[in-house]
Amino acid sequence: MTMEITIAGCGIVGATLAYELTRFPQVQVTVVEAGSPGQGATRAALGVCMGAISRKTRGRSWQLRHRSIQRYATLLPELEHNLGQPLPRTQGILSLCFEADQVPPWQRLATLRQSQGYTLELLDPETLAATYPQVNPTGVVLGIYSPQDFQIQPLALTQALVKAAQQRGAVFHFNRPAQGYRELGADRVVLQGEGWTLESHKLVITAGLGSPALIPSPEITPGITLEPVLGQGIRLRSPQPLGEREPVITGHDVHLVPLGNPGEGFEYWLGATVEFPSQPWGAEGTGDPQMWDQVWQRGLAQWPGLAGAVGVERWFGLRPRPVGRSAPVIERFGGSGSIVLATGHYRNGVLLAPGTAAQVMELLSLDPLQPG
């Protein structure tokens, strides 16, 4: 018997779920997106996947990261093989620690990660300076390098997932805003918009900040409120690479992402999530210039070579952060249990997309390890 599943939202989470569901021959997947794929919070993401290097060690937060890292190890080569094209990414993340009292916790985390099958290399300031001369060692007490973690370009990954899912039978409707849903009883739900309806057995809402508008009554999902958090970044071009070894480097919550040499110089993303709703965002949500200046100054302080780079493109975007509960929100709701909410990933949508898809599949009574 065919199971019809509708996904509302096609950012990185919705696209990953759609692709994973197409592995089940008994499932028919339809995705509805208000705009273009990956144009919401996904477009505002840097794609830095901090799994093993995360300070999360137990519970749901770690399990989602662990499942995601494990799946990415097979998912990315799988997509590249099926589509016949590479997915641009940077392997390895280097985190800078500036507080001496945090060295013992990092040492304990490295030991724990080793027991879990991961590696964290702890670099003293001298080793860090010798290995990564692009880093200003002033104030750095420890460098933590995670070879398993990585960065991937979010929009390119989302588009690849959509294309691969389409090849396996998934149907996508773009530029079709949804306005809500109606339950028709057990295992029947209707997603609706202006002049259209779509009926299926199950509905999964992955629409980020647009998710609450699809829920007909706040009493159905008590406590689920999403607030927008603005992230800012800039694409920089340098006449020469900042260093010989160039992993993603993060310090003081600012990320430096190498993008390689596309032909006119060596490019980097510099960005951070820095603003909350209580802070001014500037005209039309373009971000507070003073806040952006703080990001830029932190970047220059940590990587002085950026002084010779020029800005090519600046971006900003809103990310969904749950209020009063941990991110993300992944749960079944509604009167019949036919609706699943998978949203509110805050800064970790790209990292947690595969783990989220696996958890949603379980909520849909599908075994992510044994499709079909």
* Structure fact -> Just one listed residue, out of I53, I69, is at negative phi, touching a Ser or Thr at 6+ places or on another chain (Cβ under 7 Å) and aliphatic (A, V, I, L, M), and it is I53
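For (1) assigned by TED's automatic domain parsing to the domain that holds L352; (2) more than 16 Å from I93 (Cβ to Cβ); (3) of a type outside the set (S, T, Y), each residue gets a yes or a no:
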residue: P137; (1), (2), (3): no, yes, yes
residue: Y145; (1), (2), (3): no, no, no
residue: A165; (1), (2), (3): yes, yes, yes
residue: F172; (1), (2), (3): yes, yes, yes
* To do: From R235, R188, grab the single residue that is assigned by TED's automatic domain parsing to the domain that holds E264, surrounded by 15 or more Cβ atoms within 10 Å (Cβ to Cβ) and basic (K, R).
  => R235
* Within the range 166-184, identify whether any single residue is at pLDDT 95 or above, part of a helix (DSSP H, G or I) and over 16 Å from the mean Cα position of the chain (by Cα), and answer yes or no. => yes
* **Looking only at the range 70-96, and only at residues there that are of a type in the set (S, T, Y) and in contact (Cβ under 8 Å) with a residue 40 or more places away in the chain, the one that is surrounded by the most Cβ atoms within 10 Å (Cβ to Cβ)** => Y72
* Qualifying position, being outside any loop (DSSP other than H, G, I, E, B), more than 17 Å from Q370 (Cα to Cα) and out of contact with any helix residue (DSSP H, G or I) (no Cβ under 7 Å at 6 or more places or on another chain), among I53, I69 -> I69
* Options L226, L236; residue that is under 18 Å from the mean Cα position of the chain (by Cα) and either modelled with pLDDT of 85 or more or not polar (S, T, N, Q) (or both) -> L226
* Structure fact -> If we keep only residues of the range 312-335 that are charged (D, E, K, R) and under 16 Å from the mean Cα position of the chain (by Cα), then the residue surrounded by the fewest Cβ atoms within 10 Å (Cβ to Cβ) is R321
* To do: Mind telling me which of the residues D149, D101 ends up being among the acidic types (D, E), outside any loop (DSSP other than H, G, I, E, B) and touching a strand residue (DSSP E or B) at 6+ places or on another chain (Cβ under 6 Å)?
  => D149
* Structure fact -> Of G210, G251, G143, the only residue that is on the phi < 0 side of the Ramachandran plot, out of contact with any helix residue (DSSP H, G or I) (no Cβ under 9 Å at 6 or more places or on another chain) and surrounded by 16 or more Cβ atoms within 10 Å (Cβ to Cβ) is G210
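The values are calculated or read from the model by the stated rules, or taken from the named source; none is laboratory data. Not measured: the values here are computed from a predicted model. Cβ atoms come from the backbone with ideal geometry, glycine included; neighbour counts cover every protein chain shown.
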